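Visitor: Let me begin by handing over the structure; questions about it come next.
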Amino acid sequence: MINLFKIKGQKREDAANAAGRAPIKKQSAGELRLHKDISELNLPKTTTISFPNGKDDLMNFEISIRPDEGYYLGGTFIFTFQVSPSYPHEPPKVKCKTKVYHPNIDLEGNVCLNILREDWKPVLNINTIIYGLNLLFSQPNDEDPLNHDAAAVLRDNPRMFEANVRRAMAGGYVGQIYFPRCI
Amino acid sequence: MADLATKGRWRDVDKLLSRPGNIISSGFEPSSTLREEIGEYVRVLVVGAGGLGCELLKDLALSGFKNIDVIDMDTIEVSNLNRQFLFRLQDVGKSKAEVAAKRVMERVSGVNIVPHFCRIEEKDIEFYNDFNIIVLGLDSIEARSYINSVACSFLEYDRDDNPLAETVKPMVDGGTEGFKGHARVILPGTTPCFECNIWLFPPQVKFPLCTLAETPRTAAHCIEYAHLIKWDEVHSGKPFDADDPEHMQWVYSEALKRAELFGITGVTYSLTQGVVKNIIPAIASTNAIVSAACALEALKIVSGCSKTLSNYLTYNGVEGTHIKVTDFVKDNDCLVCGPGTLIELDTSVTLSQFIELLGKHPGLQLSKPSVTHRGNNLYMQSPPILEEMTRPNLALRMFDLLGEVPKDTVHVSGASEKNGKKTSCSRKLRIVFKGVADMTVGMDTTGN
Ligand SMILES: [Zn+2]
């Protein structure tokens, strides 16, 4: 229980003392967990990370993936991560900043990766997501399409898909849509 | 008539506070003036003035609390009126906190309620320290987690890892979802804090984006499509704001179009709000029951008239009524409320010496630790880019890096060795600098 007598005496004293104290900055539980994730990052050799807001903002960062095999070999793809204070209760928000011709990434940069939404579990971490994103480039998947057209081409005509990916990465049109160069 | 009502009003509370009993807290001193003393000296903060908050303000005011503050950033909407009973049709658009405070003060004489129409993050931390107890009527995990971390940040421990009573900021947390609800007592350092068992709140179900894009089957799928995919397509770069009615209206009309396209029924404006903000229809009686439990716990905590709930009550009214109390255990390694490890340092110790020391510390045996202090990353082992940015700190003195304070908390992540097995972990450390006088209130440990 609260000691009422103490409260009576303390009231004034507290107010006087608080005035001299420096404002306290605190870290959310999410930031602390993220600190652990980041300090233990084990990036695949295809991937680099950067912190646009400096060393003290880990909640917003970018990774860049340069696939070393598959359709997307030679391209560079930037993803932004936005981590909320409720991490790891909530998964990070991940978007692809590079416009890409990909069955599982739409033209707005939304990414269809199960662990970013329906299969997210607090035991997963940033490393898991980075591996998942790498997998999207080595194994694009026509069953969970976000870019419907790209998925159809991948399914029905893989060689044409490969050509489309090349054209998009080199900077050019696939159908009506222009893709800036990312090689 | 009014006089009679006022007299009768306190009869039951006074019985609780003026009679001895067997299940009281140690130190309870029953007295006929206890209620008035509580009214005079105790300051309580109610966080949230929605469905639960309205009930809480009424219940606390009628339990003898007289100095109440309430904080809520929301304004009143028509759909609130069925259960947020302090609000009337003419209040729509006004601040919930302000209207709720005014209404309760009109009905319960002698009560002073100060409203704060703002976000909880807008108040500085000292604002929260002024209250003797914090009662939460919130609907989001993020907000609970924030208040929890603020309340726990006041907590200090003595050399034997016992919480210092005067630094404990008790919280009572209520929550409702439809016919289900909970009330819990959080005494930081004694009972589990919100982070100790955050797993009690399962992550919210999220639909796969590709389902939304390709194979919508329900009204909720259509709404999430409009909210998560279509919004970005049309409003390049402009963030969606769930509190902006125009944004919500836009999502609603887009969801409706999509539902028509796929022959799906059931998209309504209120469902749109529900899905986007993850709201489960609120039931007035659940709020009333949970709030009553919370207000009673608050009264118990400040008066000691009865032992407090230990420590988590769940209510389920889906079929009949089921109430259960579970005594959850706190996580001693909790980064938010746990004592952490006490480490005494000479002011001359550098960060690199400190890191070396963590490896040798018998209780920690932490290899490759990264160190963070109040949001400043002092040293990061990985990734290389952060290692490089933080490396210059290694040669600096911890005393300087921590801002020349007598003591403070830092957090470290690394690999700890236990029984020959290495596991990665995060630890909280209480750093105390030797020979530096402490002038702050918290070190008042002389036993008075
Ligand atoms: Zn805790």
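The values are calculated or read from the model by the stated rules, or taken from the named source; none is laboratory data. Please read all numbers here as calculations on a predicted model, not as lab measurements. A quick note on method: Cβ atoms are made from the backbone with ideal geometry, for glycine too, and the neighbour counts reach across all protein chains shown. Side chains are part of the model used for accessible areas, which takes the heavy atoms of the whole protein and leaves out ligands, DNA and RNA. Shrake-Rupley method; radii C 1.70, N 1.55, O 1.52, S 1.80 Å.
Visitor: Only one of (1) in a helix (DSSP H, G or I); (2) surrounded by 13 or more Cβ atoms within 10 Å (Cβ to Cβ) is not met by B:E246, so which one is it?
Guide: With (1) in a helix (DSSP H, G or I); (2) surrounded by 13 or more Cβ atoms within 10 Å (Cβ to Cβ) applied to B:E246, the lone miss is (2).
Visitor: When B:T308 is evaluated against the numbered criteria (1) in a loop (DSSP other than H, G, I, E, B); (2) at the interface with another protein chain (Cβ under 10 Å from one of its Cβ atoms); (3) open to solvent by less than 40 Å² (accessible area, probe 1.4 Å), which criterion, by number, is the only one it fails?
Guide: Looking at each condition in turn, B:T308 falls short on (3).
To keep it simple, each residue is scored yes or no on (1) touching a Pro at 6+ places or on another chain (Cβ under 6 Å); (2) within 16 Å of the ligand (Cβ to nearest atom); (3) in a loop (DSSP other than H, G, I, E, B); (4) within 9 Å of chain A (Cβ to nearest Cβ).
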site: B:D333; (1), (2), (3), (4): no, yes, yes, no
site: B:V336; (1), (2), (3), (4): no, yes, yes, yes
site: B:I343; (1), (2), (3), (4): no, no, no, no
site: B:L378; (1), (2), (3), (4): no, no, no, no
site: B:M389; (1), (2), (3), (4): no, no, no, yes
site: B:P392; (1), (2), (3), (4): no, no, no, no
site: B:D408; (1), (2), (3), (4): no, no, no, no
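Visitor: Follow-up question, since we're still on this one. Out of all the residues in region B:30-52, which are under 20 Å from B:L187 (Cβ atoms) and open to solvent by 60 Å² or more (accessible area, probe 1.4 Å)? Break it down into steps so the answer makes sense when it comes.
Guide: Start the filter on region B:30-52 by keeping residues that are under 20 Å from B:L187 (Cβ atoms), which leaves B:38, B:41-47.
Result: B:R43, single match.
Visitor: Also, I was wondering about something else. Pick from region B:121-159 the residues that are of a type in the set (D, E) and within 11 Å of another protein chain (Cβ to nearest Cβ): which of them is nearest to the chain's Cα centre (by Cα)?
Guide: Let us first name the residues in region B:121-159 that are of a type in the set (D, E), namely B:121-122, B:124, B:126, B:130, B:139, B:142, B:156, B:158.
Restricting the remaining residues to those that are within 11 Å of another protein chain (Cβ to nearest Cβ) gives B:121, B:124, B:126, B:130, B:142.
Values: B:E121: 12, B:D124: 15, B:E126: 16, B:D130: 16, B:E142: 8 Å.
Among those that are of a type in the set (D, E) and within 11 Å of another protein chain (Cβ to nearest Cβ), it is B:E142.
Visitor: Pull out all pairs, ordered by first then second residue, where Cβ-Cβ is under 6 Å, the residues are six or more apart or on different chains, the first lies in region A:47-58 and is within 8 Å of chain B (Cβ to nearest Cβ), and the second is open to solvent by 30 Å² or more (accessible area, probe 1.4 Å) and in a strand (DSSP E or B).
Guide: Listed by first residue and then by second, the contacts come to A:S50/A:E62; A:D56/B:N376.
Visitor: So which strands (runs of 3 or more DSSP E) are wholly in region B:71-182 and hold at least 2 residues that are over 29 Å from A:E90 (Cβ atoms)? Talk me through it step by step, then tell me what you get.
Guide: Details: elements: B:112-116, B:133-137, B:171-177.
Hits in region B:71-182: B:112-116.
Visitor: Here's another thing I want to ask about it. Name every residue in region B:423-438 that is surrounded by 13 or more Cβ atoms within 10 Å (Cβ to Cβ) and more than 30 Å from the chain's Cα centre (by Cα), in order of residue number.
Guide: Step one: of region B:423-438, the residues surrounded by 13 or more Cβ atoms within 10 Å (Cβ to Cβ) are B:424-433, B:436, B:438.
Correct list: B:F433, B:V436.
Visitor: Looking at region B:211-243 only, could you name the residues that are in contact with a Lys or Arg (Cβ under 6 Å, 6 or more places away or on another chain), in a helix (DSSP H, G or I) and hydrophobic (A, V, I, L, M, F, W, C)?
Guide: We begin by selecting, within region B:211-243, every residue in contact with a Lys or Arg (Cβ under 6 Å, 6 or more places away or on another chain); these are B:222, B:225, B:242.
Cutting the leftovers down to in a helix (DSSP H, G or I) gives us B:222, B:225.
Once the filter is applied, which keeps residues that are in contact with a Lys or Arg (Cβ under 6 Å, 6 or more places away or on another chain), in a helix (DSSP H, G or I) and hydrophobic (A, V, I, L, M, F, W, C), region B:211-243 yields only B:C222.
Visitor: Kindly evaluate B:I323 against the criterion of being of a type in the set (A, V, I, L, M) and over 24 Å from B:S153 (Cα atoms).
Guide: Values: of a type in the set (A, V, I, L, M): yes; over 24 Å from B:S153 (Cα atoms): yes.
It is true that B:I323 is of a type in the set (A, V, I, L, M) and over 24 Å from B:S153 (Cα atoms).
Every residue, every condition in (1) more than 16 Å from the ligand (Cβ to nearest atom); (2) part of a strand (DSSP E or B); (3) open to solvent by less than 20 Å² (accessible area, probe 1.4 Å); (4) in the same structural domain as B:L429 (by TED's automatic domain parsing), yes or no:
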{"site": "B:L271", "(1), (2), (3), (4)": "yes, no, no, no"}
{"site": "B:V302", "(1), (2), (3), (4)": "yes, no, yes, no"}
{"site": "B:L313", "(1), (2), (3), (4)": "yes, yes, no, no"}
{"site": "B:L358", "(1), (2), (3), (4)": "yes, no, yes, yes"}
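Visitor: Further, regarding this structure: Assess whether B:K58 counts as being among the charged types (D, E, K, R), touching a residue at least 24 places away in the same chain (Cβ under 8 Å), crowded, with 17+ Cβ neighbours inside 10 Å and in contact with an Asp or Glu (Cβ under 8 Å, 6 or more places away or on another chain). Before you say what the answer is, go through the steps one by one.
Guide: Details: among the charged types (D, E, K, R): yes; touching a residue at least 24 places away in the same chain (Cβ under 8 Å): yes; crowded, with 17+ Cβ neighbours inside 10 Å: yes; in contact with an Asp or Glu (Cβ under 8 Å, 6 or more places away or on another chain): no.
Here the answer is no, as B:K58 does not meet what is asked.
Visitor: Answer yes or no: is there a residue in region B:132-147 that is among the small types (G, A, S) and within 20 Å of B:K330 (Cβ to Cβ). Let's see the steps before the verdict.
Guide: So the first thing to find is which residues in region B:132-147 are among the small types (G, A, S), and the list is B:137, B:140, B:143, B:145.
Checking the rest, the ones that are also within 20 Å of B:K330 (Cβ to Cβ) come to B:145.
So far as region B:132-147 goes, yes, one or more of its residues are among the small types (G, A, S) and within 20 Å of B:K330 (Cβ to Cβ).
Visitor: List every residue pair whose Cβ atoms lie under 6 Å apart, where the two residues are 6 or more positions apart in sequence or sit on different chains, the first residue falls within region B:324-343 and is of a type in the set (V, I, T), and the second residue, located anywhere, is near the ligand (Cβ under 9 Å from one of its atoms).
Guide: Going by the 6 Å Cβ cut-off, the qualifying pairs are B:V336/A:A29; B:V336/B:C152; B:V336/B:C193; B:V336/B:E195.
Visitor: Just name the residue that is surrounded by the most Cβ atoms within 10 Å (Cβ to Cβ) out of those in region B:360-370 that are more than 9 Å from chain A (Cβ to nearest Cβ) and touching a residue at least 12 places away in the same chain (Cβ under 8 Å). Write out each step before concluding.
Guide: At the first step, the residues of region B:360-370 found to be more than 9 Å from chain A (Cβ to nearest Cβ) are B:360-367.
Of the ones still in play, those that are also touching a residue at least 12 places away in the same chain (Cβ under 8 Å) are B:361, B:363-367.
Working: B:H361: 14, B:G363: 10, B:L364: 20, B:Q365: 15, B:L366: 24, B:S367: 14.
Per the stated criteria, the residue is B:L366.
Visitor: In region B:165-204, what residues are away from the ligand (no atom under 16 Å from the Cβ), farther than 17 Å from B:S145 by Cβ and within 12 Å of chain A (Cβ to nearest Cβ)?
Guide: Passing the criteria: B:A165, B:E166.
Visitor: If you don't mind, there's one more thing I want to ask. Might you check whether a residue that is within 16 Å of the ligand (Cβ to nearest atom) and among the acidic types (D, E) occurs anywhere in region B:249-259?
Guide: Initially, region B:249-259 is screened for residues within 16 Å of the ligand (Cβ to nearest atom), giving none.
Scanning region B:249-259 turns up no residue that is within 16 Å of the ligand (Cβ to nearest atom) and among the acidic types (D, E).
Visitor: Could I ask something else about it? Kindly evaluate B:N287 against the criterion of being touching a residue at least 24 places away in the same chain (Cβ under 8 Å), surrounded by fewer than 20 Cβ atoms within 10 Å (Cβ to Cβ) and either polar (S, T, N, Q) or touching a Gly at 6+ places or on another chain (Cβ under 8 Å) (or both). Full working, then the answer.
Guide: On the way: touching a residue at least 24 places away in the same chain (Cβ under 8 Å): yes; surrounded by fewer than 20 Cβ atoms within 10 Å (Cβ to Cβ): no; either polar (S, T, N, Q) or touching a Gly at 6+ places or on another chain (Cβ under 8 Å) (or both): yes.
Spelling it out, it is not the case that B:N287 is touching a residue at least 24 places away in the same chain (Cβ under 8 Å), surrounded by fewer than 20 Cβ atoms within 10 Å (Cβ to Cβ) and either polar (S, T, N, Q) or touching a Gly at 6+ places or on another chain (Cβ under 8 Å) (or both).
Visitor: Next question, about the same structure. Which numbered condition in (1) touching a Ser or Thr at 6+ places or on another chain (Cβ under 7 Å); (2) open to solvent by 10 Å² or more (accessible area, probe 1.4 Å); (3) not small (G, A, S) is the only one that B:Y157 fails?
Guide: (1)
Visitor: Given (1) more than 11 Å from chain B (Cβ to nearest Cβ); (2) under 29 Å from A:A152 (Cα atoms), identify the lone condition not met by A:W120.
Guide: (1) is the only condition that A:W120 fails.
Visitor: Which numbered condition trips up B:E36, out of (1) charged (D, E, K, R); (2) within 25 Å of B:K307 (Cβ to Cβ); (3) more than 14 Å from every other protein chain (Cβ to nearest Cβ)?
Guide: (3)
Visitor: Something else now. Just a yes or no: is a residue in region A:62-77 on the phi < 0 side of the Ramachandran plot, within 11 Å of chain B (Cβ to nearest Cβ) and at pLDDT below 95?
Guide: Checked against the condition, which is being on the phi < 0 side of the Ramachandran plot, within 11 Å of chain B (Cβ to nearest Cβ) and at pLDDT below 95, region A:62-77 yields no hits at all.
Visitor: Please tell me if B:V329 is within 22 Å of A:A29 (Cβ to Cβ), away from the ligand (no atom under 16 Å from the Cβ) and out of contact with any Lys or Arg (no Cβ under 7 Å at 6 or more places or on another chain). Give the steps one after another, and end with the answer.
Guide: Values: within 22 Å of A:A29 (Cβ to Cβ): yes; away from the ligand (no atom under 16 Å from the Cβ): no; out of contact with any Lys or Arg (no Cβ under 7 Å at 6 or more places or on another chain): yes.
Here the answer is no, as B:V329 does not meet what is asked.
Visitor: Being outside any helix (DSSP H, G or I), at pLDDT 95 or above and away from the ligand (no atom under 16 Å from the Cβ) is true for just one of B:S291, B:S348, B:S352, B:S367. Which residue is that? Reasoning before the result, please.
Guide: Values: B:S291 fails: outside any helix (DSSP H, G or I); B:S352 fails: outside any helix (DSSP H, G or I); B:S367 fails: at pLDDT 95 or above.
Testing whether each residue is outside any helix (DSSP H, G or I), at pLDDT 95 or above and away from the ligand (no atom under 16 Å from the Cβ) leaves just B:S348.
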